[in-house]
Each structure stands twice: as structure tokens, then as C-alpha cells.
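The structure appears below as C-alpha cells.
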Amino acid sequence: MHPPIADSNSTQNARCRASFPHIRATNAKYIRKWAALLLLGTAATASFALSADPETGKRALAVLTEAMRNKDSEVRVLASEQWGPIGNPAALLLLRDALKDKDPYVRIAAAGSLYTLKDRRGVAVLEALVAKEPAVSGDDPLGQMRAIAANKVRIVALRQLGRIGREESETIARRALGDADGQVRDAAAVMLARFGDERKLNGFVMALEAEDPEVRGQAVRALEEIATPATLPFLKPLAKDADARVRAGVMQALGAVGGHAVRPTLEAGLGDEDALVRAKALAALGRLGLLEARTALEKILNKPESPYMELLAVAGLARLGLKVDTLVARRALRQSDADVRLLAVEVLEARGGPGDMVALKTALNDQAPRVRVRAAAALVRLLQSKDEKPEKR
């Protein structure tokens, strides 16, 4: 669909525009949006040069810009998240427009990418979302449901502020400690613990001793969000928790903290009796970026218990810059599970060889929009890398 073309010579069109000014305003807004998209495509292509494969680069950028207009808000969120890591300042116009998206989660994602691109205007949007405390009476079930949904948005906005940095979020987090909603208060406490508030950290540590495994699991998830070395003395003992779900959460939390100190515990988790724990341990180990993890990753690769574990091992080795056979990833692009295909895209991007680029191009036609978006972002990053570091002849 294209924006309507105004006919300045048409008396009938002029009368129509005069009679219905709201249509004129709507058309103008629509045209500005299209102009921004066209500018983005042109500027992004010029910015990246894309000399390695100009046509693929243009196609990948088109997939990303189309995703920003997708009817599915989850696709718009994913697309908004890609522009920050891509690092293309030509995306600023599109992201600023996304700050006005009807879906608050899109606005949150756009604010994060804008901040990565050194544009702070999304911070005010995040602060406004957090400050918008819903008003609801105790005898209004529908209002209560709306309040729950609104508070979920506020929690995600708080987390985004926390990722942006302490200066931007500590004041609003302390204000949120007095919020009427308990989950909002917890999110604020997590943020402050991440910034070094020991009292807030101790509150979650105490919950690790609860008899209920669900409570322990929630506390582990909080420590995963805090993700500082201060959490390690409390997380490591729970790697032997009686509940497999808690142990799996611990593996994920250790991966969030990262560093050499977590590697032995993650490697031990590869031998856990529970398949989910083993998978979480392998995924976390593969994201550490430590050459010391190579032996453990290769051991899994040489005798994988499943195609998924094989793919995780390949992903970890590829992130280390080691030469690996990505045939398993190319095959995984044909799997019915979209999450498996997303992991395959990540592997192909990490390896980034000629065959991997070809496979990523095919993923631009994937039936799942989120796979197409991730493949497009991977291609843009790889093409940019090739332009910045031309191959020696």
C-alpha cells in the first residue's frame, strides 16, 4: 500500500481537503511516516555501503523496516530491539516514530535502542510509563485486570531503565519502592540491588531459603536480573537444589552474571540428571565467551544427546571464533520449532562464513516474522563487518 498522491490541479480534491481537515492531517502524518521509512532505507544503505552484497543488504533492511509496521506488536518489539545493536544512526527517525506506537512494549524497546544510539529522548517515555500508576477500586474485576496489565508494562519499563544505567533510573526506582503494587516494588528492589544496595539484595537472598520451590525459583530469577558478582555466593549452592526447575534457573542466572567464576559450576551442570538443567547449563556456558570452556563444549559436540544440544554446543564454539561445521544450523532452519530456527540464525551469524550468509538469506523468507527479523539483523551486521574489515586479496 502506498500513500495517496495529492492532485494539486484537482478542484474536487481541494474541496475535499478543505471540507475534511482531519483527512488532510491523517494523510500528512501517513506521508511523513513513509518519508521516514524511505529515508531510513536510503540512509542505512549509504551508511553501511554494503559493498559485499548490496542487494542482500537492501533486502535485509527492507525486512526490518517492514517489521516496524507489522500488525503483530511482538514483531514490532523485536524489530525495535534490533536497531540499537546494529548501530545504524539512520534508524533514529524510525525509532523516534516508534516512541508513539500504540503498544507500550514497542515504545519500551524503541527507547532502549535509541539510548544505545546515544539518543536520550526515550528515557522520558520510560519514566512516564513507570509513573502512570493505575487507579482501581476493590470491587471492579475488569479494572483490576487492566491494572495488572498496566503494572506489567511498568515493570518492563523499570527493567529497561535499569539496563540503561544507574543515573537514569535510581531516583525513579526508589520512588517505586512505595508503589501500591507488590511486583512493581519487587522490580524496583531488583534494580537497586543491581546498583549495589545490599539491603535489597538480602531481601531476595532470604527467599532462597524458603521451603516452597516456587518461592526459591522466583528469588533465583530476581538474582538473575540483578546479575552481579555479589549474587554468586548465594546462587552456587542452589546448583544442587532438590528441585530441577530451581537448578535450571540457577544455571541461567550464573550465565547472566558471567565471568570465570561461574564456569566450573556450569560445567558441572552439564552432568545434571535433568535434561532442562543440562540444556540451560550448556546455553549459559556457550555465552561466556571463555576459551577455557572449549573442552567442555567440544565434548558435548562430539557426543550430543540431541540435535538441540548439538546446536547449542556449535553456537558456543562459534562465539569463540573457532571454525565449526554449521551444517547442523543450516539443517535446523528447516525444523518446525521457530525457537530452534532462531538459535540456528544466531549460530550462522556467529560463524558468518559464505555458506552461513547463503543460509541466512533463505531465512529472510521464513514463515515466522521473528525469524525473518533476526535473520535480517544478522545479515546487516555481517555485511557491515565485512565492509569495515575488507578481505585481504
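Every number here is computed from the coordinates shown, using simple stated rules; none is lab data. Here the structure is a predicted model, which is why all the values come from computation and not from measurement. FYI the Cβ positions are ideal-geometry reconstructions off the backbone, even for glycines, and counts take in every protein chain you see.
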Fill in the blank from the handout: With a 29 Å threshold on alpha-carbon distance, the violating pairs from Lys71/Lys132; Lys118/Lys323; Lys152/Lys280; Lys71/Lys152 are Lys118/Lys323
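Which of the peptides 71-77, 270-276, 151-157 is most tightly packed, and how do the rest follow, judged by the mean count of other Cβ atoms within 10 Å per residue?
The packing order, highest mean first, is 151-157, 71-77, 270-276.
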Completion exercise
With DSSP loop assignment and no more than 11 other C-beta atoms within 10 Å, the trypsin sites (Lys or Arg not before Pro) in the stretch 252-340 are Lys323, Arg334
Practice task
Would you mind calculating the gained length between Lys58 and Arg331 on full extension (0.36 nm times residue separation, minus the Cα-Cα distance), in nm to one decimal?
Solution key: 95.7 nm
Handout entry: Cβ-placed point charges (K, R +1; D, E -1), dipole of the stretch 289-381 about Cα centre in debye, nearest 20
Key = 240
Exercise for the section: Just report the Cα centroid separation between the stretch 179-216 and the stretch 263-314, whole Å. Expected result: 29
Handout entry: the stretch 289-381: relative contact order as a whole-number percent, Cα under 8 Å and 6+ apart
Key = 21
Handout entry: the stretch 77-98 versus the stretch 100-178: alpha-carbon centroid distance in Å
Key = 19
Fill in the blank from the handout: Calc'd 3J(HN,Hα), the stretch 194-201, phi into Karplus 6.51 cos²θ - 1.76 cosθ + 1.60 (θ = phi - 60°), Hz, glycine/Pro = x, comes to 5, 8, x, 6, 5, 5, 5, 4
